[in-house]
1. Going by the conditions given, is MET68 surrounded by fewer than 20 Cβ atoms within 10 Å (Cβ to Cβ), closer than 30 Å to LYS258 by Cβ and out of contact with any Lys or Arg (no Cβ under 8 Å at 6 or more places or on another chain)?
2. Can you name the residue in segment 122-139 that is part of a helix (DSSP H, G or I) and within 12 Å of the ligand (Cβ to nearest atom) and, of all such residues, is surrounded by the fewest Cβ atoms within 10 Å (Cβ to Cβ)?
3. Only one residue in LYS236, LYS242, LYS258 is free of Cβ contacts under 8 Å to residues at least 60 places away in the same chain, part of a helix (DSSP H, G or I), out of contact with any helix residue (DSSP H, G or I) (no Cβ under 8 Å at 6 or more places or on another chain) and away from the ligand (no atom under 14 Å from the Cβ), so which one is that?
4. Any chance segment 281-298 includes a residue that's over 23 Å from LYS134 (Cβ atoms), under 20 Å from the mean Cα position of the chain (by Cα), more than 16 Å from the ligand (Cβ to nearest atom) and outside the structural domain of HIS178 (by TED's automatic domain parsing)?
5. Does LEU44 count as within 16 Å of the ligand (Cβ to nearest atom), in a helix (DSSP H, G or I) and buried (at least 22 other Cβ atoms within 10 Å of the Cβ)?
6. If you go through segment 219-230 one residue at a time, how many are more than 17 Å from ASP303 (Cβ to Cβ) and in a helix (DSSP H, G or I)?
7. Please verify whether ASP212 is farther than 30 Å from LEU297 by Cβ and in contact with a Phe, Trp or Tyr (Cβ under 9 Å, 6 or more places away or on another chain), treating the condition exactly as stated.
8. Could you figure out which of (1) closer than 30 Å to LYS188 by Cβ; (2) charged (D, E, K, R); (3) outside the structural domain of MET207 (by TED's automatic domain parsing) isn't true of ASP218?
Amino acid sequence: MNVRIRMLFLAMVCFCVLTSAAIGEEKKFVIGFSQATTTEPWRLLFNKELREEAEKHPEIKLIVRDGMDNAATQIADVEAFIQMKADAILISPKVAAELTPVVNKAYDAGIPVFVLDRDLTNDRYTQFIGGDNKLIGRAAGEYAVNFLGGSGKAKGNVVEIRGGKAATPAQDRYAGFHEAIDKEPGIKMVTQPNDGDWKQDKGYELMAEALDANEKIDLVYAHNDPMAYGAYMAAKDVGREKGVAFLGIDGIPAEGVKWVHQGILTATFLYKTPGNEGVRQALKLLKGGTVEKRVTLPTMTIDKSNAEKIMRDNGLIK
Ligand code: FRU
């Protein structure tokens with residue numbers, strides 16, 4: 001009798017442990033995030049903000065995969081999320097065309113997909129979250145026009161270092177910039193279409209070529225801060241950095257803002273990471289809410305007028 005009661009008690013304990021574990025598991029939303037790469041500080045901040053947001057919600061089980069700058073790897077990562085029947089997929093695609101079919105496949109399979117920062121070639125996904133790259137490009141173009149003498153009078157030789165041309169931000173940052181500068185007859189673009197793939201060393205190489213080919217360069221517009229910094233280094237290495245304006249994009253405090261504060265970059269334009277917003281939006285949907293098709297993140301111009309304050313606000317200087 002005694003033994004039977006003990007066994008019954010044991011069975012009840014096991015049952016309770018198992019069912020609560022099962023309930024606990026059941027309640028977790030599995031969110032898979034496919035990141036394009038982790039080679040730039042902006043991507044690391046993106047992952048950090050995404051993880052921090054997910055940690056605030058114990059009901060989320062977050063799985064992060066790094067596509068390592070390779071579209072095929074990223075396709076396999078999304079396929080794996082489809083296989084495991086993730087509750088939602090977040091993706092920041094390395095390139096648009098190659099990643100579109102797998103995202104469409106996930107979406108058609110009924111998995112909500114949130115596309116972050118870089119867009120695809122169609123909108124068969126749940127939501128896009130990112131900055132307005134055309135607006136950012138235009139802001140950079142207007143800044144360049146002002147720097148080179150103002151509307152109608154601007155004059156100078158300009159180098160443009162583009163991001164990865166198969167990625168939508170590079171296309172939009174190009175288009176926005178040219179909307180502002182192409183109407184200035186005094187501005188001369190001295191570079192051919194190029195592809196810096198967002199990388200500092202490519203920025204350096206492309207600028208070194210531009211310096212070799214042109215006696216005078218007045219302004220460099222790079223599609224992100226690492227490439228703008230690389231371009232600056234190339235100019236500095238041949239003693240030609242003085243008097244050249246370097247414009248970048250991203251404006252993360254420990255990188256672009258710091259370089260503006262140090263006088264290396266003239267200006268950068270904030271490109272917020274969609275990390276925390278991505279998790280928030282996915283959770284909203286998973287909890288039964290509705291989400292908009294597009295969420296546009298704000299931007300701002302960062303130059304010597306506000307860089308110091310941003311550095312201080314972020315505890316980077318006293
Ligand atoms: C990082 C990055 C950023 C840039 C963004 C564009 O991989 O190159 O510097 O703003 O991607 O998608």
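The values are calculated or read from the model by the stated rules, or taken from the named source; none is laboratory data. This structure is a prediction, so every number in the text was calculated from the model and none was measured. Note that we place each Cβ from the backbone using ideal geometry, even for glycine, and neighbour counts take in every protein chain shown.
1. Taking the combined requirement at face value, the residue satisfies it.
2. Narrowing segment 122-139 to residues part of a helix (DSSP H, G or I): 133-139.
Those still in the list that are within 12 Å of the ligand (Cβ to nearest atom) too: 133, 136-137.
Working: ASN133: 27, ILE136: 25, GLY137: 27.
Among those that are part of a helix (DSSP H, G or I) and within 12 Å of the ligand (Cβ to nearest atom), it is ILE136.
3. On inspection, the qualifying residue turns out to be LYS236.
4. Yes, the conditions are met somewhere in segment 281-298.
5. Taking the combined requirement at face value, the residue does not satisfy it.
6. 3
7. no
8. (3)
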